[in-house]
Amino acid sequence: MSERAVRLTQAGGPDVMQVQTVEVGDPGPGEIRIRQKAAGLNFIDIYQRSGVYDIPMPSGLGLEGAGVVEAVGEGVTHLRVGDRVAYASQPIGAYATARVMPARCVVRLPDGLSFAQGAAMMLKGLTVQYLLRKTLPPGGLQAGDAIVFHAAAGGVGLIACQWAKALGLRLIATAGSDAKCELALAHGAAVAINYQRENFADRVKEITGGEGVKVVYDSVGASTFEGSLACLRPFGLMVSFGNASGKVPPVPITALATKGLYLTRPSIFHHLSSREATQAMADDLFQVVSSGQVKISVEQRYALEDVQRAHREMESRSTTGAGVLMLD
């Protein structure tokens, strides 16, 4: 069957992405075929497209999607034809109208959520789940603790603002404009810092009475890394999980010694290593969304043919919240 999909033959700018006709076959053992309704747009897609993260070429793009199961391969027991599903999963290739993929990281999408919400929430929401629930400083986090979360007006950040509030945490948000700060506050951040106008590390120290925070969650990378370390209290945890401003340069281990800091660079795919682990994480995410504690709003919608514009707008940092490609 002939379908449309984004393909690229080399790393580069948005123009290397081309919508092409591809053949999609039947699923093999352990696989399913999905009629895709929407695909999520994420910064990891930009890293892979641009060459920050190496991927084999030629390649598709996209790690997050939602749709309907069209066919089920041998050995798949948790999904059936006709199921509404969503996923955040390797291999890449979500920017497509249909695809065959491993079934183990695909879960049923609750009826109360749209396909656009499903495509917008899985990679971002599961990222927040493993950060706030699993990537924790020594002794964990308790209600009332302050944390720093960079890029808080983005798709991941707005989910984090809401989920942190539900956990009783005081999330100190950073963002690049007053409007984005207001958006973070509206989604549950306790304080918001416009890092274009203020030194965020100094403000965090002021907010915390000079103590600093137990943990910083940083997806920005090069431009915030040193300031993030300065935000931490002794034995604090620095979580670097993205490179929106570029890769963090090599760091001497002695940079951690002054306060006995911990540093980690996690990846969501280590947490999605089995069907059981994926389902448990998804159940946690679906619970906070179904309860109304976390709302998933899709701020940008694009046609598949507008994928180059979508990437340009993401890279310009002009977008807020989640964006998706609508595929049906």
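The values are calculated or read from the model by the stated rules, or taken from the named source; none is laboratory data. On a predicted model such as this, the values are computed, not experimentally measured, just so you know. With ideal geometry, Cβ positions are generated from the backbone for all residues, glycine too; neighbour counts draw on all protein chains shown.
Data overview
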read-out	value
Residue 4 being more than 24 Å from residue 154 (Cα to Cα), among the charged types (D, E, K, R) and crowded, with 20+ Cβ neighbours inside 10 Å	no
Among (1) at pLDDT below 95; (2) touching a helix residue (DSSP H, G or I) at 6+ places or on another chain (Cβ under 6 Å); (3) within 30 Å of residue 3 (Cβ to Cβ) - the single one residue 285 does not satisfy	(1)
Top-ranked residue of segment 289-305 - restricted to ones that are assigned to a helix (DSSP H, G or I) and touching a strand residue (DSSP E or B) at 6+ places or on another chain (Cβ under 8 Å), ranked as nearest to residue 124 (Cα to Cα)	304
Search result, residues across segment 236-288 that are in the same structural domain as residue 215 (by TED's automatic domain parsing), in a helix (DSSP H, G or I) and hydroxyl-bearing (Ser, Thr, Tyr)	254
Subset of segment 218-240 [touching a Lys or Arg at 6+ places or on another chain (Cβ under 7 Å), surrounded by fewer than 20 Cβ atoms within 10 Å (Cβ to Cβ) and either under 13 Å from residue 150 (Cα atoms) or among the hydroxyl-bearing types (Ser, Thr, Tyr) (or both)]	222
Residues within segment 37-88 that are of a type in the set (Ser, Thr, Tyr) and assigned to a strand (DSSP E or B), tallied	2
Odd one out for residue 325 among (1) crowded, with 17+ Cβ neighbours inside 10 Å; (2) at pLDDT below 95; (3) assigned to a strand (DSSP E or B)	(2)
Identity of the residue in segment 214-230, closer than 14 Å to residue 152 by Cβ and of a type in the set (A, V, I, L, M, F, W, C), that ends up nearest to the chain's Cα centre (by Cα)	220
Contacts under 7 angstrom Cβ, first residue in segment 310-325 being on the phi > 0 side of the Ramachandran plot, partner outside any loop (DSSP other than H, G, I, E, B) and of a type in the set (Asp, Glu), 6 or more apart	321/299
Residue tally, condition aliphatic (A, V, I, L, M), over 21 Å from residue 164 (Cβ atoms) and under 15 Å from the mean Cα position of the chain (by Cα), over segment 261-297	1
Of all residues making up segment 205-221, the number that are touching a helix residue (DSSP H, G or I) at 6+ places or on another chain (Cβ under 9 Å), of a type in the set (D, E, K, R) and not in a loop (DSSP other than H, G, I, E, B)	2
Qualifying residue in segment 67-79 (condition: within 22 Å of residue 305 (Cα to Cα) and either of a type in the set (A, V, I, L, M) or modelled with pLDDT of 95 or more (or both))	yes
Residue in segment 100-156 that is surrounded by the most Cβ atoms within 10 Å (Cβ to Cβ), counting only those that are within 22 Å of residue 63 (Cα to Cα) and either in contact with a His (Cβ under 6 Å, 6 or more places away or on another chain) or of a type in the set (Phe, Trp, Tyr) (or both)	115
Positions within segment 7-25 being loosely packed, with under 12 Cβ neighbours inside 10 Å and in contact (Cβ under 8 Å) with a residue 40 or more places away in the chain, in sequence order	9, 10, 15, 25
Condition met for residue 180 (part of a helix (DSSP H, G or I) and under 15 Å from residue 152 (Cα atoms))	yes
Residue 164 crowded, with 23+ Cβ neighbours inside 10 Å, within 18 Å of residue 188 (Cα to Cα), without any contact (Cβ under 8 Å) to a residue 40 or more places away in the chain and touching a strand residue (DSSP E or B) at 6+ places or on another chain (Cβ under 9 Å)	yes
